[in-house]
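Contents: one structure, followed by commentary.
The values are calculated or read from the model by the stated rules, or taken from the named source; none is laboratory data. Bear in mind that the values here come from a model prediction, so they are computed numbers and not experimental data. So basically every Cβ, Gly included, is an ideal-geometry build from the backbone, and we count neighbours across all protein chains shown. SASA here: full protein model, heavy atoms, side chains in, ligands and nucleic acids out. Shrake-Rupley method; radii C 1.70, N 1.55, O 1.52, S 1.80 Å.
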2 protein chains.
Amino acid sequence: MENPPEKTPATWESLPTWLLTQTASHAQRLVAEGFSSVGARGYHYRLLATLEEFGPASQAALGRRSGIHLSDMVAAINELTDRKLVERAPDPADRRCNIISLTAAGKRQLRRLEKRLAETQDELLAPLSPEERQRLTELLSRLLDHHSRRTRTPE
Amino acid sequence: MENPPEKTPATWESLPTWLLTQTASHAQRLVAEGFSSVGARGYHYRLLATLEEFGPASQAALGRRSGIHLSDMVAAINELTDRKLVERAPDPADRRCNIISLTAAGKRQLRRLEKRLAETQDELLAPLSPEERQRLTELLSRLLDHHSRRTRTPE
DNA sequence: ACCCAATCGTTCGGGCAACCAACGTTTGAT
DNA sequence: ATCAAACGTTGGTTGCCCGAACGATTGGGT
């Protein structure tokens, strides 16, 4: 999306969906860059943060809480265990389950990722005043709220 | 992202980058659904719209104007020619080039896609008042502007 | 007139986030 | 005891974005 050097003053450029997805792609790039500078990606942060917030859990529970698909958990957890940021232990009470828990190194890494993430927020919102930032997040929250309620089966 | 039925009241949920990327993913889903209901996807719309706005052009020029990578043009144009929405003709003046042009059916399809797209805007912004919609697009425009200027080499 | 750099279309490949289908193992409720 | 459900795992698919390479063709410089 950044490559093509030609101007594109096209019809769709002002549509909310376009503005949204485009700014989001910039945001994602910034976040990913921040994370990759410490050798991680989005899933890693989400998992580490979820682990700290809710404590050790099975892969399935972890996936539900962090919004990561079960089939993507395997690779993500593997990558984290390879880096010793997380431990995968069999659940003695239920042999189907692995219990994933945060290591000390994992906690340190989480601190680093949080720092990067905070910097990224600022980079993203650079051109906006504090009040504008406030309004933007408020509007986005409303939108997200509305649409996740419709998709997440109400009950 | 919509699948897991569990609540995820996690740390990062209020971060602007999260709100942005998540609402964007909802937006993208809505757009994609709208398009696919008439057998198209994003690239198709972008190409048809660009063709109508700028007239027939080579694949390369078309790609630059619509922000689609050259290497992705082949497949997209193939799909459009298969559906007779677009014509690929050799350029008599430059045998390296294909000249892509819109057919009547392509124009009709474009009208359909525009209609879907308009409906999608409304669906996306449903919970916002007209003034709020205005403010949101203005804020997003500012952000997008700022960040695309930094990436697109100024000159 | 010639050469070389640039452009065009094309193919193949990768990355990412999200998702789906299937399977064997294990569990728990009936 | 059985059977549905959950768990982890493997191996796909999709859409969008990007890069490397290559043959064919072109056009500018000299």
Given contacts defined as C-alpha pairs under 8 Å and at least six residues apart, what's the relative contact order of segment B:35-118, whole-number percent? 34 percent
So how long is each side of the protein assembly as shown along the principal axes, counting just the alpha-carbon atoms, biggest first, in Å? 72, 45, 43
Using a simple charge model, +1 on the beta-carbon of Lys and Arg, -1 on the beta-carbon of Asp and Glu, nothing else, what dipole does the protein assembly as shown show about its Cα centre, in debye to the nearest 20? 480 debye
Using DSSP to define loop residues, name the trypsin sites (Lys or Arg not before Pro) in segment B:95-153 whose beta-carbon has at most 16 other beta-carbon atoms within 10 Å. B:Arg95, B:Arg96, B:Arg152
Which percent of the accessible heavy-atom area of chain A goes to carbon and sulfur, probe 1.4 angstrom? 51 percent
If you count, for every residue in A:46-52, the Cβ atoms of partner chains within 10 Å of its Cβ, what is the mean? 2
Label points for A:Lys84 built 7 Å along Cα→Cβ; distances to same position in the other copies, nm, shortest first, come to 6.7
Using a 7 Å offset from Cα along the direction of the beta-carbon, what are the separations from A:Ser37 to the same position in each other copy, nm, ascending? 4.3
What's the magnitude of the charge dipole for segment A:37-117 around its Cα centre, counting Lys and Arg as +1 and Asp and Glu as -1 at the beta-carbon? Answer in Debye, nearest 20. 300 debye
Assigning unit charges at the beta carbon (Lys, Arg +1; Asp, Glu -1) and nothing else, what dipole magnitude in debye, to the nearest 20, does chain B show about its Cα centre? 480 debye
Starting from the 7 Å offset along Cα-to-Cβ, what nm value, one decimal, do you get for the label separation of A:Arg108 and A:Ser37? 2.0 nm
Scan segment B:89-148 for GluC sites (Glu not before Pro) in coil per DSSP, keeping those whose Cβ has at most 16 other Cβ atoms within 10 Å, and list them by number. none
Shortest-first nm distances, A:Pro56 label point to equivalent points in other copies (7 Å, Cα→Cβ): 7.0
Nearest beta-carbon to the B/A symmetry axis - residue in chain B, distance in Å: B:Ala24, 2
So, how do all the Cα-to-Cα distances of segment A:37-117 break down into 5 Å bins, in percent, from 0 on up? 3, 16, 30, 27, 16, 5, 2, 1
Given an 8 Å cut-off on Cα distances and at least 6 residues of separation, report the relative contact order of chain A as a percent. 21 percent
Accessible-area loss of at least 40 Å² in the complex relative to the chain alone (1.4 Å probe) applies, within segment A:63-78, to A:Arg64, A:Arg65, A:Gly67
For segment A:10-155, the charge dipole (Cβ of Lys, Arg +1; Cβ of Asp, Glu -1; about the Cα centre) points to a positive end, and the Cα of A:Leu15, A:Ala40, A:Leu136 closest to that extreme belongs to A:Ala40
I need the trypsin sites (Lys or Arg not before Pro) found in segment B:27-69, filtered to DSSP loop residues with at most 14 other beta carbons within 10 Å of theirs. B:Arg41
Provide the three semi-axes, in whole Å and in decreasing order, of the ellipsoid equivalent to segment A:1-150 as defined by the square roots of 5 times the Cα gyration tensor eigenvalues. 34, 18, 16
Given the options A:Leu47, A:Leu143, A:Leu128, state which has the largest fluctuation in a GNM of chain A using a 10 Å cut-off (strictly under) for Cα springs. A:Leu143
Could you work out the helix-only [θ] at 222 nm for chain A, with each DSSP H run of four or more residues adding -39,500 (n - 2.57) and the total divided by the number of residues, to the nearest 500 deg cm²/dmol? -21000 deg cm²/dmol
